Amino acid sequence: MARLILKAGRGKSVLQRHPWVFSGAVKRVEGSPTEGQAVDIISAEGEWLARGTWSSRSQIVARLFTWDPQENIDGELFLRRLKRAFAGRADLAADPATNAYRLVFAESDGLPGLIVDRYADYLSVQFLTQGIATRSELISSLLAEHTGARGIYERSDVDVRHKEGLERAEGLLWGEEPPDPLEIRENGMRFRFSLRGGQKTGYYLDQRDNRRRVAAYCSGRDVLGVFTYTGGFEVYAAAAGAASVVAVDSSAPALEQLQQNMALNNLSTPLECIAGDAFQVLRRLREEGRSFDVVILDPPKFAQSQAQVERACRGYKDINMQALHLLRPGGILATCSCSGLVSADLFQKVLFGAALDAGREAQILEQLRQGPDHPVLLTFPESAYLKGLICRVW
Ligand code: SAH
């Protein structure tokens, strides 16, 4: 097996079980590993530390799978890890009100580079690294055998694949084509979306619990949902008895699906859909003198890299300021960020700046995080990416 010999002093993070080895930490490569092949990680002192998969093009040259020298990166390891991931979701799997959840969350489940989402009878998967992509057949057959899914669909159409030297990939891997749209159940509510054409792996599972928490503030209220996609938060708000819902998203097809999702849940709440750029739409609503009791902000990831963090924060500040201006005194701002590089602390500071500039006083009532099917591994704090605040605004 090929060996990566680390530079002096660079073994600590590996010993602390951080699952990434950066190219800058490697002194030399012994042997000539092919993309995705297993490699041993050896300290500068010659001590065996861990075993991972090789990726020559990425800055992260190895993703670590095991710290046990007896354990090989083979079908048995994958099956053990998958079973552990499934066991960790047993409560969700047994909940009849929900049939969509993240089954495998990459590094957090000991499977760097692998995302598996369950949507009713179908799986949507992302293979994000060489180590996973080169084992796609093995993984598909294990998932087919051990999940009872009717079909497995690949949605590896994401830019991070480029960093690994992989092309975007999409299509049916195994079994039946998923229906389009596909229907799932979440906390007793029904949602339809396109697994094939939709965003991300089709739907945003990470906000499941937060939707319920935000909906608790919506009964009898005028709600403005911004960055709605197919209406996760807005359908919950309507079901909780919102007086009216205004939904803003740049994607017209997403808003069309949102309308259908409202109907699917027999909700006849007055609904206004506005397709457009949220930054402009919110300004326009203010000019028109509109106001709301609840504003929900769930923007896309603004920061893709460290270099973008400052600009992302300006974006978060601006959109939150616009939202604050639209809130009636005593209203609720539910605001999120899914940029992993913007910490919860930093996000709170951004909100502080927005409230100060908007001349509004805000109290934090609740702090939001990604759902428990997106666990945060203690040895890999980078796996925490979603944060949010529910604030009362005066
Ligand atoms: N709240 C949704 C998920 C939102 S994902 C849910 O619970 O399912 C982010 C959404 O923001 C996407 O639907 C995307 O179309 C939309 N979006 C991205 N940039 C935007 C912009 N500048 N203005 C309005 N919507 C935007």
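The values are calculated or read from the model by the stated rules, or taken from the named source; none is laboratory data. Everything numeric here is computed off the predicted structure, so don't read it as measured data. No Cβ is skipped: glycine too gets one built from the backbone with ideal geometry, and neighbour counts run over all protein chains shown.
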*For ASP298, are the conditions met, namely being in contact (Cβ under 8 Å) with a residue 24 or more places away in the chain, of a type in the set (D, E, K, R) and within 16 Å of the ligand (Cβ to nearest atom)?*
yes
*asked:* Among the residues of the stretch 180-195, are any polar (S, T, N, Q), closer than 19 Å to ALA149 by Cα and more than 12 Å from the ligand (Cβ to nearest atom)?
replied: yes
_Pairs please, first residue from the stretch 256-283 and closer than 12 Å to TYR229 by Cα, second anywhere and of a type in the set (Gly, Ala, Ser) and near the ligand (Cβ under 10 Å from one of its atoms), Cβ atoms under 6 Å, 6+ apart in sequence or on different chains._
LEU258/GLY231; LEU258/ALA247; ASN261/GLY231; CYS273/ALA247; ALA275/ALA252
_Index of the failed condition, ASP222 passing every other in (1) crowded, with 20+ Cβ neighbours inside 10 Å; (2) in contact (Cβ under 8 Å) with a residue 60 or more places away in the chain; (3) over 21 Å from the mean Cα position of the chain (by Cα)_ = (1)
_Regarding the stretch 260-270, can at least one residue be identified that is at pLDDT 95 or above and buried (at least 22 other Cβ atoms within 10 Å of the Cβ)?_
yes
_If a residue must be within 25 Å of GLY188 (Cβ to Cβ) and either surrounded by fewer than 16 Cβ atoms within 10 Å (Cβ to Cβ) or more than 14 Å from the ligand (Cβ to nearest atom) (or both), how many such residues does the stretch 271-284 contain?_
1
_Given (1) over 28 Å from PRO329 (Cα atoms); (2) near the ligand (Cβ under 9 Å from one of its atoms), number of the condition ASN265 does not satisfy_ = (2)
_Can you list the helices (runs of 4 or more DSSP H) lying wholly within the stretch 108-172 that have 3 or more residues being among the hydroxyl-bearing types (Ser, Thr, Tyr) and at negative phi?_
136-147
*Please work out if ASP249 is modelled with pLDDT of 95 or more, within 13 Å of the ligand (Cβ to nearest atom), of a type in the set (D, E, K, R) and in the same structural domain as ASP357 (by TED's automatic domain parsing).*
yes
